[in-house]
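Accompanying notes for the structure given below.
Please treat every number below as a calculation from the coordinates, not as lab data. All figures in this text were calculated on a predicted structure; none of them were measured in a lab. Neighbour counts run over all protein chains shown; Cβ positions are idealised from the backbone, glycine included.
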Amino acid sequence: MKANELHPPHWPRRVLRWFHPEETLEEVEGDLDELYAYWYQRAGKQQATWRYLLNVLSVLPPFVKQRQRKNKYHQPSLIQPSMFRNYLTITLRTLAHNKVYSAINVIGLSIGLAAAMLIMLYTKDEVSFDQFHANNPHIYRITSKSITPEGAENVDGNTGHFQGPKFSAGVPEIRAFVRYKADRRDIKKGTEVKSYESFVADSSFFSIFSFPLRSGNPKTALNAPKSVVISEKMAEQHFGTTEALGKTLLVKDSFGEGNQFEPYTVTGVSKNCPQNSSIKFDVLFPNVVSKQEIESNENWFNVFQNTFVVLQPTADLKKVEATMNRIYLADAKEAIKMMAEKYGDKNKVVYAFQPFTDMHLSKDLPAQNGLQDSSNPMFSYILSGIALFILLIACINFVNLTVARSLKRAKEIGVRKVVGGGRGQLIMQFLGESFILCFAAFAFALALLQLVLPIFNELSNKALSFSYLFDFELVLGYIGLFIATGLLAGFYPALVLSNYSPVQTLYSRFNLSGKNYLQKGLVVLQFSLASFLTIATLTIYSQFNYLTNKHLGYNDKNIITIGKSHMSRNEAKLLKEELLKSPHIVDVAPKNGGSWGTIAKVNGETQQSFAYETVDATYFPLLQIPILKGRNFSADFPSDSTKAVLVNETFVKKVGWKKPLGQVVNFWYNEGEKYTVIGVVKDHHFEPLNAEIKPQLFTMKPSNLYGKVFIKIKPGTETASLRHLEKTYKKLFPINPYEYTFMDEENIKRYEAEAKWKQIMLFGAILTIFISCIGLFGLATLSAERRTKEIGIRKVLGASVASITTLLSADFLKLVSFSFIFAFPAAYFAIKEWLQNYPYRIDISAWTFAIAAVLSILIAFFTVSFQSIRAAMSNPVKSLKTE
Amino acid sequence: MRRTYLGEFEEVVLLMVAILDGEAYGVTVSQALEEHTGRIVTFGTVHNTLIRLEEKGFVSSQLGGATNERGGRRKRIFQATALGNRALQEIQQLRHELWQMMPPTKLRLTGL
């Protein structure tokens, strides 16, 4: 039997051809065929096939040894100074010769790098929040979780007077505790009174938290009741010097009786709090708990401040939490029983710990109530996402342009190879080029960063500074980023370019093989990202517009609000009379300050919680809030002030009244306090539109103090009205701080977060589109150059400028259109998810998508057509003459 | 003298190449191994060993002419080099000397 009549199985042979080193393939394949025939003769087909498989396997990598080439020349080391000089010369020459290409790459990469660096800076700041305390990670905040009998849970980061001292007395693992809360107080300087955001803390404050004192004893600074610790900034502001130890501040306790200013001694001047701290105080008072407050065990349920504890490093959290809850149940037993009897409150309370450093980025228990700058981690994710997009798109530009342009450099590569340049050297050269470009981009990025940092700080509510850039970890990060970008952008082109066969390139027979799916794919990816961001931006814009332009149910135009806490009926009356003396002021309506919430029995049994507002009869007409049923409060009915209430529509709906007028509302804390509903007002958005309308109830109860005054002025009289207002206020309330706001401005301020999102997304979208487009521009330029001859011939044969422009643009526009297939669904789901956060929101409309699509196509068209038209208009004689 | 390192399998393969004298290539070496030593090894082992022997300079190789038998594929013929021959001789000699040093009774005791 002849060997060539026997056919070893086909597919192992194919595997062999694929994987076996090319050099020894022929001989090995022949040997194996011969052996197959030998085995076939000796042991039959099955045996032979089996052994053939096994033996093929034995000559596949990694088992097979590679035969060294006989004709291998000595390759000098890749790191040769003289070659380096050559690479550098060539690189600089190439870059100088291709200015458009170099500019596109450097601009793109520097924007991408700057964005990435900025986000690293931001993230570093976020992560380092509150990390500077020496007692970390053993500082915890006591949290309370109340569970209703139905099982609904509500977590709260706030606690009261008792949790700190009682738990720390009963649990040996708790080394120390401190209670901390915000408390606005008025401080007098000369004759001027200003209201300050102040804070109150226990004397252990400075031993638990690492806020260094410039002067004063940290152990005793907060011991005396009439002492105060101020920051350098405050000392500078108030005394003009940081040497303020022992000086006195005149302070009025906002909750204290009377209008007395009392002297407080400065017992410490602290360094200004770091900007990445949840605790930021300028004025810090000692915590004074009255005897009454300590004696009533009901204060277990009065929560209004943050309590922090320091645990022993060895403490077992679960155990400590269990002990804590045992102490609570034992100590508050009577109080719990009483609550259940008196108010029917059957909620169960469970205490737990939250690590202090988790607070800043927490969603459930954010840093609130005197703690500042809690941050939504979503913000970090989205910012990082955008930065990554931008950097990625810049790298894609680099890859695309370099590969597309490589056709022009094919000859150079061919010559290098012919004179003995190895693949490694070529890879080195092209990677080196990408690194040089990347380095230039890096330098620009630093300059750019310096430029945009103030804007970014404004947007992200941060105080990041350029000097943070020199933080060791960040510098390492930047170096990493630089190398990663250089590799990302340069690696693929280097591999492709170094693989060109010299024979083909030197005979000019060279063309990019295949249909260049990679380049097309990358363009599609770029524009998918860009359209995605465009759609997101448009949506955020419409939602923001909706929020700021939605009719609130009342008229906020030409209304000035001023705050004055604890204003009695008489004071309000006096103020109104005085203010109305000015012809510019239309009307004045006082209201309680802040938000009060309470519960009442309606229909005899049901408990209904609602926002409890105290107003007067002018309030509804002044704000133009319609009364749907019944009537407004009126001076004609003297009983209105004590016996009547108005409710809003939501209240009626929640309670389920068919005929609301005449219904009785009984306040839960007082059996005797019963009101009759005399009217229903239209629902209006008193809270930001991020929240649903709550049930509201309005009274005129005389004992409730006012805290806020609405003043309606004639349009265009702002200056005169404000002058009159300030004069009157200062005359009537000389020791109260005077602050005013325009209500419509105040209402817009509520959407600061949305406004910031809007800006950030807009910047992101513009940058991505811009960088994508410059990439497209580069590709179009190269494609037009490559097709010069084709265009020349077409023109000679009579093609019009328009038809040639269409021809050249169509390819790219197809890709851009194709990108919508990916961008639309992704954007749809993303914005749908985002809009879920708003109870009052726009509908997702097809228009958003259509506008984004048209926008992308138009921008892409302008980008591409610029080059296309130029190519189409060029004189065919020029391009064809050289042939 | 430069020591020559030759593994046991390498030595056997080198011997086969010397024995086959101008007829040694992958197939014949494999077959001879199977026939004369009873060892069945994969082709890859033989192939790799031949390449290694060549790298060490014990054998040299040349691509032979194409034959119809192998579907027109050429075979690589191996030949022992002078260094290879010398290495084999040295090994032989070393073994011989060592044999001489063994006490005669030892062999009998182990049943030989």
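In degrees, nearest 10, range 0 to 90: what is the angle between the Cα axis of helix B:8-20 and the longest Cα principal axis of chain B?
Value to nearest ten degrees: 60.
Under 5 Å between amide hydrogens, which residues at least 5 positions from A:K629 or on another chain qualify, with H placed 1.01 Å from N in the peptide plane?
Answer set, sorted by chain and number: A:V680.
Other chains' Cβ within 10 Å of A:30-39 residues: what's the mean?
Shielding by partners across A:30-39 averages 6.
Mind checking region B:1-105 for chymotrypsin sites (Phe, Trp or Tyr not before Pro) that DSSP puts in a loop (not H, G, I, E or B) and that have at most 16 other Cβ atoms within 10 Å?
Qualifying residues, ordered by number: B:Y5.
Which whole-angstrom value gives the distance between the alpha carbon centres of region A:128-180 and region A:316-331?
Here the answer is 12 Å between Cα centres.
Would you tell me the mean number of C-beta atoms belonging to other protein chains that fall within 10 Å of each C-beta in B:22-31, as a whole number?
Neighbouring Cβ atoms belonging to other protein chains average 3 per residue here.
Of all DSSP beta bridges in chain A, what percent run antiparallel (nearest 5)?
80
Just the number, please: Stokes-Einstein D of chain A in µm²/s, Kirkwood Rh from C-alpha pairs, 10 °C, 1.306 mPa s. The partial results should precede the final answer.
Values: Rh = 34.6 Å.
Rounded, D is 46 µm²/s.
Could you work out the local net charge near A:D683, counting Lys and Arg as +1, Asp and Glu as -1, over the other residues with Cβ closer than 15 Å to its Cβ?
Net charge around A:D683: +2.
Can you give me the relative contact order of region A:531-687 as a percent, contacts being Cα pairs under 8 Å and 6 or more apart?
Working: 191 pairs, mean separation 35.8, N = 157.
23 percent.
Which value does Rg/Rh take for region A:589-716 over its C-alpha atoms, Rh per Kirkwood?
0.95
Using only Cα atoms and rounding to the nearest 10 degrees, what angle (0 to 90) does helix A:569-580 make with the longest principal axis of chain A?
Its long axis makes an angle of about 70 degrees.
What is the packing order of peptides A:867-875, A:470-478, A:548-556, taking the mean over residues of other C-beta atoms within 10 Å and listing the highest first?
By packing density, highest mean first, the sequence is A:867-875, A:548-556, A:470-478.
How far is it, in nm, from the label point at A:V415 to the one at A:L92 when both lie 7 Å from their Cα along the line to the Cβ?
Distance between label points: 1.9 nm.
Angle between the Cα long axis of helix A:718-732 and the longest principal axis of chain A, 0 to 90 degrees, nearest 10?
The angle comes out at about 40 degrees.
How much of the DSSP bridge set in region A:172-306 is antiparallel, in percent, rounded to the nearest 5?
The antiparallel fraction comes to roughly 75 percent.
Report the Cα centroid-to-centroid distance between region B:34-112 and region A:467-487 in angstrom, as an integer.
Each part's Cα centre sits 58 Å from the other's.
If each DSSP helix of 4+ residues adds -39,500 (n - 2.57) and the sum is divided by the residues in the protein assembly as shown, what number results at 222 nm, nearest 500 deg cm²/dmol?
Taken over the protein assembly as shown, the calculation gives -17500 deg cm²/dmol.
Return the sequence-ordered ³J(HN,Hα) values of region A:199-204 in whole Hz as given by the Karplus equation 6.51 cos²θ - 1.76 cosθ + 1.60 applied to θ = phi - 60°, using x for Gly and Pro.
Running phi through 6.51 cos²θ - 1.76 cosθ + 1.60 with θ = phi - 60° gives 10, 10, 8, 6, 5, 6 Hz.
If you take all C-alpha pairs in region B:8-110, what percent of them are over 20 Å apart?
Here the long-distance tail beyond 20 Å is 47 percent of all Cα pairs in region B:8-110.
In peptide B:69-81, how many Cβ atoms from other protein chains are near each Cβ within 10 Å, on average? It would help to have the intermediate numbers written out before the result.
Details: counts 7, 11, 7, 3, 10, 3, 6, 7, 1, 0, 0, 0, 0.
The mean count of partner-chain Cβ atoms within 10 Å per residue comes to 4.
Which aspartates and glutamates, if any, have their Cα less than 17 Å from the Cα of B:K56, not counting same-chain residues under 8 positions apart?
Output for B:K56: B:E8, B:E10, B:E11, B:E90.
At most 13 other Cβ atoms within 10 Å and a DSSP loop assignment: could you name the GluC sites (Glu not before Pro) in region A:588-656 that fit?
Qualifying residues, ordered by number: A:E605.
What net charge is computed for the residues neighbouring A:P212, neighbours being all others with C-beta under 14 Å from the C-beta of A:P212, Lys and Arg scored +1, Asp and Glu -1?
In short, +2.
Could you tally the net charge around A:K564, taking each other residue with its Cβ under 14 Å from the Cβ of A:K564, Lys/Arg +1 and Asp/Glu -1?
Values: positive: A:R184, A:K252, A:R569, A:K573, A:K576, A:K591, A:K708, A:K730, A:K731; negative: A:D186, A:E571, A:E578, A:E726, A:E739.
Local net charge: +4.
Measuring from centroid to centroid over Cα atoms, what is the spacing of region A:754-789 and region A:396-419 in Å?
After rounding, the separation between the Cα centres reads 24 Å.
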